[in-house]
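The values are calculated or read from the model by the stated rules, or taken from the named source; none is laboratory data. Please read these numbers as outputs of a predicted model, since none were measured by experiment. So basically every Cβ, Gly included, is an ideal-geometry build from the backbone, and we count neighbours across all protein chains shown.
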There are 4 protein chains.
Amino acid sequence: MKKNRLKTFASDNNSGVSPEIFEAIKSVNVGHQIAYGDDDYSAKAKKTFQDFFESKVDVQFVFNGTGANIVSLQNMCHSFHGVLCSNLSHINVDECGAPEKIAGVKLIPLVHDQGKITPQQILGEVHAIGFEHHVQPKVISITQATELGTVYTFDEIKALSDIAKQYDMFLHIDGARFSNALVKTGMSAHEMFVKTGADILSFGGTKNGLMMGEAIVFAKHADFRFKKYIRKQSSQLFSKMRYIAAQFDYFLSSDMWTKNATNSNNMADYLAQKLTDISGVSIKYRVESNAVFVNIPKAWNQILWDLGFFYYVWDELDNTVRFMCSFDTTTDDVDEFVSEIEKLASSS
Amino acid sequence: MKKNRLKTFASDNNSGVSPEIFEAIKSVNVGHQIAYGDDDYSAKAKKTFQDFFESKVDVQFVFNGTGANIVSLQNMCHSFHGVLCSNLSHINVDECGAPEKIAGVKLIPLVHDQGKITPQQILGEVHAIGFEHHVQPKVISITQATELGTVYTFDEIKALSDIAKQYDMFLHIDGARFSNALVKTGMSAHEMFVKTGADILSFGGTKNGLMMGEAIVFAKHADFRFKKYIRKQSSQLFSKMRYIAAQFDYFLSSDMWTKNATNSNNMADYLAQKLTDISGVSIKYRVESNAVFVNIPKAWNQILWDLGFFYYVWDELDNTVRFMCSFDTTTDDVDEFVSEIEKLASSS
Amino acid sequence: MKKNRLKTFASDNNSGVSPEIFEAIKSVNVGHQIAYGDDDYSAKAKKTFQDFFESKVDVQFVFNGTGANIVSLQNMCHSFHGVLCSNLSHINVDECGAPEKIAGVKLIPLVHDQGKITPQQILGEVHAIGFEHHVQPKVISITQATELGTVYTFDEIKALSDIAKQYDMFLHIDGARFSNALVKTGMSAHEMFVKTGADILSFGGTKNGLMMGEAIVFAKHADFRFKKYIRKQSSQLFSKMRYIAAQFDYFLSSDMWTKNATNSNNMADYLAQKLTDISGVSIKYRVESNAVFVNIPKAWNQILWDLGFFYYVWDELDNTVRFMCSFDTTTDDVDEFVSEIEKLASSS
Amino acid sequence: MKKNRLKTFASDNNSGVSPEIFEAIKSVNVGHQIAYGDDDYSAKAKKTFQDFFESKVDVQFVFNGTGANIVSLQNMCHSFHGVLCSNLSHINVDECGAPEKIAGVKLIPLVHDQGKITPQQILGEVHAIGFEHHVQPKVISITQATELGTVYTFDEIKALSDIAKQYDMFLHIDGARFSNALVKTGMSAHEMFVKTGADILSFGGTKNGLMMGEAIVFAKHADFRFKKYIRKQSSQLFSKMRYIAAQFDYFLSSDMWTKNATNSNNMADYLAQKLTDISGVSIKYRVESNAVFVNIPKAWNQILWDLGFFYYVWDELDNTVRFMCSFDTTTDDVDEFVSEIEKLASSS
């Protein structure tokens, strides 16, 4: 018998909206404002981003992560360019080919190590430069935190950024869970994005308590002249922009981003710690943000789903499953989940 | 000296969100829901659409009007197809070439009459069928209400739909202001979309008081097998779908859609009526929804803008200006605006 | 009873290959050469182009006219750019939407006058600059000689080129019948392309006696850095390039281009002159190259076709038909054709 | 001191045109023919293909291999489809991203074994069917002979074809060197293409003595309704089609295809055999068509190039070099080449 539960471990997109966000969007619901981003609140939010990044970054608000990524790639690439990324990256696996279709680029997947790619792998692909039969490598795209929940260190990002500069490429960061990475590493946004020399960041908030919206952050040094046309043509220009701007403004100028990311990170740590000693369960990747990847017996899948704990099977071969924690996950939620797993383990 | 005014006549996108919408989205902010549209509220909203259209239509929620249009076109067209539309249509003029870039199609603009296109114009383009040097006409796309605020009658839509069927084409309706057209004509959604035999409707709510979101409505008879991939690849798949679904659900199941559209239509009528007798002002197109297009002396533009009444110059040649009324426009707003215009007229 | 005739008036693509071309391609069939254009013969042909244009132009050989045009447009445009062209232009009408599909651009058709477009029309479209909702005009594309057989004068091209420069646009010339225009006007290639300040020329030879191939000529001042990638990605990079290079080398360094174009132009003049006084026949457009457009009674179409004189009906409304003369059309061919038309006229 | 040599081992595209081809194309240079493929010679060539394949296949002539592949893929795929191919495949490595840019598809590279891919690898990618976040696998594309010169057996092709059918996918064969594979295996075209159940074949002739052109062969069972529009829009429709048709007609109806492919295969065998016992040289892949891949000391590269024996370094890591034999390679050419290598080996 399947139960309905209010919390699952399926995805940080399954959670709702952090309550204070409703106040934020209501507060800007005052009269008319020029549409399409030329409003007072969008200007204010841009200033908040510049404070947050301690740099004169430019910002474009778009609807979602796929939108942010394809607009980013179109700014950096012509269609004959190649994008070097992890084989597990969201752009490679979870965007239904949007980068190829919309940006026209070729993704060059590199086999990940704990979700990450390395300078050595990049160097292995920087060849045939000037040879028109091959796409020309132009972007290194990393995900921070990665799709496996791991986090790049400052030095790791800096090394990739340096190679990018050396070979006239760009460094793009898909930061759908950028807040989680900041919280985990203790780095500031300035350190992680500006000091590393990255070029464009897809900064997500939806997985951390916002209703919708993603911010494309352009480094101060970057000169992407056509960004406004690219956003519009990619159908990512929101008419009533203030309602995304207000969310990000509140998110970054209050403690919301850090409070929510801290909670989901902590709940993942807590969950991983409780799972460690359970027989039949083994942690597969390092837990460094809000995801816990574990191997469990396949027979447990259906039982746990029937109990209402929805989650994803990531790799069917070894029954790797992904448990995601959210901004609203509580220790009670984890305890309840773990107790059911323990029951399964003890009866196995 | 420029004044700040809470109401403008620039665009129905400049207005804010109808207050009851905040209640609607808060009401679904309960626990976790499966992301990307497989949630309870999206299912409920789909049912509401079927009730509203009195037909087993299918529905996809997307982020905005350009998104709705390009997803619609990709469902109906291969890249070697042509889309017959008014030269003033939003897809032709206001989407920065997204239909060409994303769907790859060719738009074939037909010179509008009061914003509309006619069966005779379609017949003039249905040639070279099977001739591979030419794009093959496949879609008739009309806007209802049109970009000029006029409204197609049932017979006009039906005639275009019949021709579409006769030549193995589709009829697409860009309904960014569909509610205004329904209110104006007194037709039901069933009459205007289902009985006319149209195939796909881009049904907008943002210009009528919603925060964001557009619904693509697929006629029951239509068999668009790939729609889910097209929406995702076009970066129009919203993760926390319930927050668009809830808006549309409330919009269509309450009197919100009709109340708001009635007000903006009425305010346009009221404005037009008051402008009619002012010297120097002449109404350019029939006022049938919430837009009023008038010719005014060019010298007035800057003065009215400085007073805070922002609006658009639509055609510089004869200084055609567009005044849009919104769901929150009041007779006081109109009176104040007209009184300033009267002052200008009397001093000219 | 339909006769087979060796000569038609359907298209200059229906004619075969000028016999000397076989010698030209055989002469380069000597041993191995580096493929894809890095061969000695391609280098030599490039030098021939520079001599012909009296300027350090760059040249890319491609397969055909559509290929030349889409490679040209991709060099000049991003997908959010607009291309201003005649509504009758080959890119707008006869390339099955390739510019939209491949380059992603929007074509903005201007109503032709005798096949041409004017500076005034361009000025009417140079608006909304910097407004992201509209495609940004970037290219003026003209056809020389035009699809109607007329020819732009030096001053007409120069005026369009000047406007292009003034508004940061490019001037593209689709020169599928460029030779015919040179012969007609007596201008040199230097005058028509270099001195007018045009940017890219699609220079065709196939309609003037070559077997295949088109040359994209880039003005010396033009800096199109990505052209080699664009040609390759557009599948227009020929492996055994020497066999196109040799054709163009011979074409331009001998009197072939002028001899062939002179003949087809003269035959058109001769045909037009003979048709002028025939009752029921009226010349529709000025005859300035190798095309003759006439109105004839519809009833004649089938009869003439049955006699083997294949030609195209250009406009069904007034039965405008197009008679094309080729490099191998003779006065005998014309005489025979005209005598049949005269018979029809006398029996009408 | 660099010598000029008439024969290299760089590429079978570096060779010239088989002399009898000039006769073939001259023989069709008779009067006018309807352009764009509706000519008598194209009809005759199609019949020749049907005889050659012993099946009512359909045929489209295009300009080159990249053109054939992208037209093929567009017939089989929507942009949200995935194409499973070897990581070394021409479509993945040597077409500058044309499949992604033009067809919009995602290529899913599988790590080759001797240039080939296997049913097991396909099965590993046939997942997430119906899951809109992922591209949907739709085509298996193999190269026959492979880019490494190996050849798929009948059973290997059949097994891939069976999986394709099982999962509602297509099997595409990139046959740039299809003749070489036929000769090597002794299979007929009927066996290799028709009996295996493949769907589309890109059949090349340029690497086997033709001047230019590639034939897309569509299986009789295949229903690709839009192929003519796709070819035209992809700028692969040749106006004077007869000059490609005549080449293929002669190629397949005479012994040219088998004579030429036999020679280049034999020369590769002869070269490999002579290299086998040379110290410092090791054959890397099985020699099954006209390519020989060997590892040689890096120091030899420049010396051999300076002697005029141009060839490609395929993999810099272990200095894998590719020696290609052509239809016109002779034992003398091989002997001369090998004697220089022997000198290097003896002095090492």
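Overview of values
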item	result
A:Val292 touching a Cys at 6+ places or on another chain (Cβ under 9 Å) and outside any helix (DSSP H, G or I)	yes
Considering residues of region A:313-335 that are part of a strand (DSSP E or B) and farther than 15 Å from A:Leu271 by Cβ only, the residue farthest from the other protein chains (Cβ to nearest Cβ)	A:Thr320
In region A:197-213, the residues that are crowded, with 24+ Cβ neighbours inside 10 Å and over 26 Å from A:Ile25 (Cα atoms)	A:Ala198, A:Asp199, A:Ile200
Filtered residues of region A:209-226 (kept if among the small types (Gly, Ala, Ser) and either at negative phi or more than 14 Å from chain B (Cβ to nearest Cβ) (or both))	A:Ala215, A:Ala219, A:Ala222
Residues of region C:157-179 that turn out to be among the polar types (S, T, N, Q) and in contact with a strand residue (DSSP E or B) (Cβ under 9 Å, 6 or more places away or on another chain), as a count	2
Those residues of region B:227-244 which are at negative phi, within 14 Å of chain D (Cβ to nearest Cβ) and either crowded, with 22+ Cβ neighbours inside 10 Å or not basic (Lys, Arg) (or both), in sequence order	B:Tyr229, B:Ile230, B:Arg231, B:Lys232, B:Gln233, B:Ser234, B:Gln236, B:Leu237, B:Phe238, B:Ser239, B:Met241
Pairs with Cβ under 6 Å, 6+ apart, first in region B:16-33 and within 24 Å of A:Asp40 (Cα to Cα) and more than 7 Å from every other protein chain (Cβ to nearest Cβ), second buried (at least 23 other Cβ atoms within 10 Å of the Cβ) and polar (S, T, N, Q)	B:Ile21/B:Gln247
Options B:Lys44, B:Lys56; residue that is out of contact with any strand residue (DSSP E or B) (no Cβ under 8 Å at 6 or more places or on another chain), outside any loop (DSSP other than H, G, I, E, B) and either more than 29 Å from B:Val183 (Cα to Cα) or of a type in the set (Lys, Arg) (or both)	B:Lys44
Qualifying residue in region A:124-134 (condition: buried (at least 23 other Cβ atoms within 10 Å of the Cβ) and out of contact with any Gly (no Cβ under 9 Å at 6 or more places or on another chain))	no
Residue that is surrounded by the most Cβ atoms within 10 Å (Cβ to Cβ) [pool: residues in region D:139-184 that are touching a Phe, Trp or Tyr at 6+ places or on another chain (Cβ under 7 Å) and more than 18 Å from D:Ala68 (Cα to Cα)]	D:Gly149
Tabulated pairs, region C:45-67, first at pLDDT 95 or above and of a type in the set (Ser, Thr, Tyr), second in a loop (DSSP other than H, G, I, E, B) and surrounded by fewer than 21 Cβ atoms within 10 Å (Cβ to Cβ), C-beta under 9 angstrom, 6+ apart or interchain	C:Ser55/C:Lys220; C:Thr66/C:Asp94
Selection within region D:75-94 - within 24 Å of D:Phe131 (Cα to Cα) and either aliphatic (A, V, I, L, M) or in contact with a Cys (Cβ under 7 Å, 6 or more places away or on another chain) (or both)	D:Met76, D:Phe80, D:Val83, D:Leu84
Any chance B:Ala10 is facing chain A (nearest Cβ under 8 Å), within 21 Å of B:Gly204 (Cα to Cα) and hydrophobic (A, V, I, L, M, F, W, C)	yes
Residues (more than 14 Å from chain D (Cβ to nearest Cβ) and under 17 Å from the mean Cα position of the chain (by Cα)) located in region B:62-83	B:Phe63, B:Asn64, B:Gly65, B:Thr66, B:Gly67, B:Ala68, B:Asn69, B:Ser72
Selection from region C:94-132 of residues that are free of Cβ contacts under 8 Å to residues at least 40 places away in the same chain, away from chain A (no Cβ under 14 Å), assigned to a helix (DSSP H, G or I) and more than 26 Å from A:Tyr36 (Cβ to Cβ)	C:Ala98, C:Pro99, C:Gln120, C:Gln121
Residue in region D:59-77 that is nearest to D:Asp12 (Cα to Cα), counting only those that are outside any strand (DSSP E or B) and in contact with a Phe, Trp or Tyr (Cβ under 6 Å, 6 or more places away or on another chain)	D:Phe63
Selection status of A:Arg225, among the basic types (Lys, Arg), assigned to a helix (DSSP H, G or I) and either at pLDDT below 95 or not assigned by TED's automatic domain parsing to the domain that holds A:Ser326 (or both)	no
Residue check for D:Gln247: surrounded by 24 or more Cβ atoms within 10 Å (Cβ to Cβ), within 14 Å of chain B (Cβ to nearest Cβ), within 21 Å of the chain's Cα centre (by Cα) and not hydrophobic (A, V, I, L, M, F, W, C)	no
Residues of region A:250-262 classified as in a helix (DSSP H, G or I) and surrounded by fewer than 24 Cβ atoms within 10 Å (Cβ to Cβ), total	7
Selected residue (only one of A:Asp269, A:Asp249, A:Asp306, A:Asp318 is farther than 16 Å from A:Asn14 by Cβ and assigned by TED's automatic domain parsing to the domain that holds A:Ala145)	A:Asp249
Search result, residues across region A:150-180 that are within 10 Å of the chain's Cα centre (by Cα) and either without any contact (Cβ under 8 Å) to a residue 60 or more places away in the chain or on the phi > 0 side of the Ramachandran plot (or both)	A:Ile173, A:Gly175, A:Phe178
For D:Thr8: the one exception among (1) outside the structural domain of D:Met192 (by TED's automatic domain parsing); (2) under 20 Å from D:Leu182 (Cβ atoms)	(2)
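Residues are listed down the side, and each one gets a yes or a no for (1) closer than 25 Å to B:Asn180 by Cα; (2) more than 19 Å from the chain's Cα centre (by Cα); (3) free of Cβ contacts under 8 Å to residues at least 12 places away in the same chain; (4) not in a strand (DSSP E or B):
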residue	(1), (2), (3), (4)
B:Ser239	no, yes, no, yes
B:Tyr243	yes, yes, no, yes
B:Ser264	yes, no, no, yes
B:Leu271	yes, yes, no, yes
B:Ile278	no, yes, no, yes
B:Arg286	yes, no, no, yes
